[in-house]
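The values are calculated or read from the model by the stated rules, or taken from the named source; none is laboratory data. Being a predicted model, the structure only gives us computed values, none of them experimental. Please note: Cβ atoms are built from the backbone with ideal geometry, for glycine as well, and neighbour counts cover all protein chains shown.
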Amino acid sequence: MIALSLLKRLQEERPERPGPLQEAAAAGGPRQDNLWDLKFALHQRVVEELKQLRKFDAGGTEERRQAEPRIREIVEGYLSEKGLLLTRGDQQRLFQELLDEVFDFGPISPLLRDPTISEVMVNGPSQVYVERNGVLEYTGVRFRDDDHVLRVIEKMVAPLGRRIDESSPMVDARLPDGSRVNAIIPPLALNGPTLTIRKFSKDPYQIADLIRFGTLSGEMAKFIEACVKARLNIVVSGGTGSGKTTTLNVLSSFIPDGERIVTIEDAAELQLRQEHWVRLETRPPNIEGKGAVTIRDLVRNALRMRPDRIIVGEVRSGEALDMLQAMNTGHDGSLTTGHANSPRDMLARLETMVMMAGMELPVRAIREQIASALDLIIHQNRLRDGSRRITHITEVQGMEGDTIVLQDLFVFEQTGLERRGQVLGRFRSTGIRPKFMWKFQAAGIVLPDEIFLKSGV
């Protein structure tokens, strides 16, 4: 039977006409320009038929499974009634698109199900791109109009208690599978409602996956694992789409099970495997502009929750000051990410973000806080061929005068390009041992000497 919640949704949404099918191959089939009307009429017929059901007992995936046979009957009956001839392939495609409109997210549903796609970008109703293997591709997928895109966005954000309208034209959210969603609509988006979905693997990547992808070397992996277990404070920096969150997930996998972890995010997307894990998520303001809870609020609250580790999904503003203070007051082993072009730029950004907290601190005091709090910066880049590489593992050594001293421990050196544009290069150690080696010894961690040998790896 079909869930009551499904019927209510069907009655209230008045779904838009889905995207067009391929032209019917069979003689007498509907013309392409009439397929919008065909699918809209079928959708109306489905609504009317489901209204007549009396018993309801399912929800989610189960309600879709139970509805499929009846919806298939409706499609076949309607086509027969109207004398429309469709090939078996077009009829199946029509049925699938109808299911996607009712239960999923319309024309982009097949893209979200495709495991080879890492990002879906909707630039208005007539332009949809995806990222596959780090390369952008045009899909040809279309929505009917702006209202159709807007309804899909509303279906994504409504279950989270978030809204998007002219008074609040931007929103961050997540899908049930953890994928990150950002949407922005007119009047801010001139192309029409714009939707960006960052997909994540259903099974979180492990360090072996990153080694296989060429993101880092085996020696670098051993070193990073030791740093997390020795409770070093680490920032993962990089540009948009460079893989910071994926790397942060992998770093978190090294945290021992006996520790209490508190994660703080704008839109919850971290995928930790530990059992003792408390997830906190920010809240946007209500329609009156009140009730917002920021990352800074949550960082301050997390300090009262007896955390062993604090993980902030990304620092963007004044919360950087609270995060640094937490690192400096006994919460060793904290992790976070930030946007920057290099490890040195990450320090400059942290300075700027601390100033955004509204505290009139001298620059030297801010730098001393940063130098004292941070132990390691892991910098990641997305290269021109779409591959992600950890290009720097850099130690924060302290202050010299008014300057924070950084020392690269591992780097990625690009050596050339293949004809197909693939980046060639190697990971290597700089041959320098970090000053925090004593922390490894205190934690009982022994690293083989060859990790720090100055050679290509």
Quiz item: Between residues in region 156-169 that are more than 23 Å from Asp104 (Cβ to Cβ) and residues that are surrounded by fewer than 11 Cβ atoms within 10 Å (Cβ to Cβ), which pairs lie under 8 Å by C-beta distance while being six or more apart or on different chains?
Solution: Glu166/Pro187; Ser167/Ile287; Ser168/Ile287; Pro169/Pro187; Pro169/Leu188
Quiz item: Scanning for something over 30 Å from Leu321 (Cα atoms), out of contact with any helix residue (DSSP H, G or I) (no Cβ under 7 Å at 6 or more places or on another chain), of a type in the set (Gly, Ala, Ser) and touching a residue at least 40 places away in the same chain (Cβ under 8 Å), does region 427-441 turn up at least one residue?
Solution: no
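Have a look at Gly218, Gly214, Gly241 and point out the one that is surrounded by fewer than 21 Cβ atoms within 10 Å (Cβ to Cβ) and over 21 Å from the mean Cα position of the chain (by Cα). Give the derivation first.
Details: Gly214 fails: over 21 Å from the mean Cα position of the chain (by Cα); Gly241 fails: over 21 Å from the mean Cα position of the chain (by Cα).
Sole residue among the options that is surrounded by fewer than 21 Cβ atoms within 10 Å (Cβ to Cβ) and over 21 Å from the mean Cα position of the chain (by Cα): Gly218.
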Exercise. Starting from residues that are among the small types (Gly, Ala, Ser) and within 13 Å of Glu319 (Cβ to Cβ), keep the ones in region 333-352 and report whichever is surrounded by the fewest Cβ atoms within 10 Å (Cβ to Cβ).
Key: Gly338
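Results for (1) within 32 Å of the chain's Cα centre (by Cα); (2) closer than 20 Å to Ser237 by Cβ; (3) outside the structural domain of Leu251 (by TED's automatic domain parsing); (4) at pLDDT 95 or above, shown as yes or no for each residue.
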residue	(1), (2), (3), (4)
Gln369	yes, yes, no, no
Asp402	no, no, no, no
Leu424	yes, no, no, no
Met437	no, no, no, no
Gly444	no, no, no, no
Exercise. For Leu409, work out the one condition from (1) closer than 19 Å to Glu225 by Cβ; (2) of a type in the set (A, V, I, L, M, F, W, C); (3) out of contact with any Pro (no Cβ under 9 Å at 6 or more places or on another chain) it doesn't fulfil.
Key: (3)
Quiz prompt | Count of residues meeting criterion [buried (at least 19 other Cβ atoms within 10 Å of the Cβ) and not β-branched (Val, Ile, Thr)] in region 285-299 | solution = 2
Exercise. Name, by its number, the condition in (1) assigned to a strand (DSSP E or B); (2) in contact with an Asp or Glu (Cβ under 6 Å, 6 or more places away or on another chain) that does not hold for Pro434.
Key: (1)
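Gly214 - would you say it is in the same structural domain as Ile255 (by TED's automatic domain parsing), at positive phi and in contact (Cβ under 8 Å) with a residue 40 or more places away in the chain?
Numbers: in the same structural domain as Ile255 (by TED's automatic domain parsing): yes; at positive phi: yes; in contact (Cβ under 8 Å) with a residue 40 or more places away in the chain: yes.
The answer is yes for Gly214.
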Practice problem: Could you please tell me which pairs satisfy a Cβ distance under 7 Å, a separation of 6+ or placement on different chains, a first residue in region 143-154 that is more than 21 Å from Leu99 (Cβ to Cβ), and a second residue that is among the hydroxyl-bearing types (Ser, Thr, Tyr)? | Solution: none
Practice problem: Could you tell me which residue of region 146-178 is nearest to Arg283 (Cα to Cα), considering only residues that are touching a Pro at 6+ places or on another chain (Cβ under 9 Å) and of a type in the set (D, E, K, R)? | Solution: Arg162
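Please verify whether region 353-376 includes one or more residues that are in contact with a Pro (Cβ under 7 Å, 6 or more places away or on another chain), part of a strand (DSSP E or B) and either hydrophobic (A, V, I, L, M, F, W, C) or surrounded by 12 or more Cβ atoms within 10 Å (Cβ to Cβ) (or both). Reasoning before the result, please.
If we filter region 353-376 for residues that are in contact with a Pro (Cβ under 7 Å, 6 or more places away or on another chain), which is where we start, we get none.
No, there is no match, as no residue in region 353-376 is in contact with a Pro (Cβ under 7 Å, 6 or more places away or on another chain), part of a strand (DSSP E or B) and either hydrophobic (A, V, I, L, M, F, W, C) or surrounded by 12 or more Cβ atoms within 10 Å (Cβ to Cβ) (or both).
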